[in-house]
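Here the structure is laid out as structure tokens; the discussion comes afterwards.
The values are calculated or read from the model by the stated rules, or taken from the named source; none is laboratory data. Everything numeric in this text was worked out from a predicted model, so none of it was measured. Glycine gets a Cβ as well: all are built from the backbone with ideal geometry, and neighbour counts include every protein chain shown.
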């Protein structure tokens, strides 16, 4: 029998419908009818399982071709509710969430709980931008942290290109890096977001050129302005035609490498609009945008932890009778806690300086207090006589 885990389920064993083949890399297994197999598994789950585990729910969602946001919209839940299905079971007949604990409903035992934790830690150790299979083992993604990994790799690669290649070959080196990264993204789940970092190089290079030639310090030329507008219109047209959007983490682009370049130019155009607006308008809105920009990395990191650690996906269940109130409360708590922690991180130096000054002040006052205590009896004795 063959233990079939390629579909994301760990409890599927095949007695037929597969054959073993010798490959240059060793023994390999070929499934004769993958679509038919998945159809049988799906019908088995729907007809015979009253409750679905997180893995089974994800299997059905992917087979139906539904995104988390689309499925959540159909059911009237937040997208994070569907993302959190790995921790809670779903009652199929009643279509309602059950808040049964993970160990009881999904894992069933400490061994299974350890196994699921291993998949999460493995995903973080490998730096996977999304759920993938390595060595026959399913690992979960590292969450939003894929962005920092890809950004780091992109900066390193761009720095190497700028320092190694002659100036006349830099454009081609950037283009080649992007094409190689795109090929990696669509053929292999590379660890540490290597592919995502490579396709990000053009965006950083566009920003590098903008700073080098001081594009934002002078009026944009008609040619450059027209290019930005054309790129933005092309991106919008591709979204309308394909009914999908570009997603770097999932390695999805509406028009392949062309979309990657169009996104970079469109981003430059959006940045130029923001800078133009800030230079001509100065009020609380522009000040807020500047403050958010200075704290963007803090906001990203704090929000990543807050989004993962706090079970916001239970809010729809708790406020099922008052969904608007639940949404406003969740938004307020999430935004307030994130901004508070970010402000403390930004002002940590001021806080450290204040604490240091207090300690130094107390240290300076300590000898004076000791001197006062030693002189006090003499003054008291003199006064007594």
Query - Residue tally, condition assigned to a loop (DSSP other than H, G, I, E, B) and on the phi < 0 side of the Ramachandran plot, over region 244-294 - result: 12
Report summary line: From the option list 334, 357, single residue qualifying as in a helix (DSSP H, G or I) and surrounded by 13 or more Cβ atoms within 10 Å (Cβ to Cβ) is 334
Query - Tally, over region 118-147, of residues that are part of a helix (DSSP H, G or I) and in contact (Cβ under 8 Å) with a residue 24 or more places away in the chain - result: 6
Report task. Sort through 309, 376, 372, 364 and tell me the only one that's exposed (fewer than 13 other Cβ atoms within 10 Å of the Cβ), within 21 Å of the chain's Cα centre (by Cα) and modelled with pLDDT under 75. Result -> 309
**Report entry** Selection status of residue 55, at pLDDT below 75 and either in contact with a helix residue (DSSP H, G or I) (Cβ under 9 Å, 6 or more places away or on another chain) or buried (at least 18 other Cβ atoms within 10 Å of the Cβ) (or both)
**Finding:** no
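Table: residues versus (1) touching a helix residue (DSSP H, G or I) at 6+ places or on another chain (Cβ under 6 Å); (2) in contact (Cβ under 8 Å) with a residue 60 or more places away in the chain; (3) in the same structural domain as residue 212 (by TED's automatic domain parsing).
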residue: 256; (1), (2), (3): no, yes, yes
residue: 310; (1), (2), (3): no, no, no
residue: 326; (1), (2), (3): yes, no, no
residue: 334; (1), (2), (3): no, no, no
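One line per residue, one yes/no per condition, for (1) within 30 Å of residue 122 (Cβ to Cβ); (2) in contact with a strand residue (DSSP E or B) (Cβ under 9 Å, 6 or more places away or on another chain):
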site	(1), (2)
197	yes, no
245	yes, yes
255	no, no
259	no, no
271	no, no
275	no, no
293	no, no
Requested in this report: Identify all residues within region 216-228 that are surrounded by fewer than 13 Cβ atoms within 10 Å (Cβ to Cβ) and in a helix (DSSP H, G or I); write none if there are none.
Outcome: 217, 222, 223, 226
Report task. Within region 140-160, track down each residue that is over 14 Å from the mean Cα position of the chain (by Cα) and either surrounded by 19 or more Cβ atoms within 10 Å (Cβ to Cβ) or over 23 Å from residue 209 (Cα atoms) (or both). Result -> 153, 154, 157, 158
**Report entry** Flag for residue 297 being outside the structural domain of residue 183 (by TED's automatic domain parsing), loosely packed, with under 15 Cβ neighbours inside 10 Å and either in a helix (DSSP H, G or I) or under 24 Å from the mean Cα position of the chain (by Cα) (or both)
**Finding:** yes
Query raised in the report: Counting only residues that are without any contact (Cβ under 8 Å) to a residue 24 or more places away in the chain and assigned to a helix (DSSP H, G or I), which one in region 184-215 is surrounded by the most Cβ atoms within 10 Å (Cβ to Cβ)?
Result: 184
Query raised in the report: Of the numbered conditions (1) surrounded by fewer than 17 Cβ atoms within 10 Å (Cβ to Cβ); (2) over 24 Å from residue 293 (Cβ atoms); (3) touching a residue at least 40 places away in the same chain (Cβ under 8 Å), residue 251 satisfies every one except a single condition; which is it?
Result: (1)
Query raised in the report: Quick one: would you say residue 85 is surrounded by 19 or more Cβ atoms within 10 Å (Cβ to Cβ), farther than 17 Å from residue 198 by Cβ and modelled with pLDDT under 80?
Result: yes
Report task. Starting from residues that are in contact with a helix residue (DSSP H, G or I) (Cβ under 6 Å, 6 or more places away or on another chain) and under 16 Å from residue 204 (Cα atoms), keep the ones in region 268-294 and report whichever is surrounded by the most Cβ atoms within 10 Å (Cβ to Cβ). Result -> 268
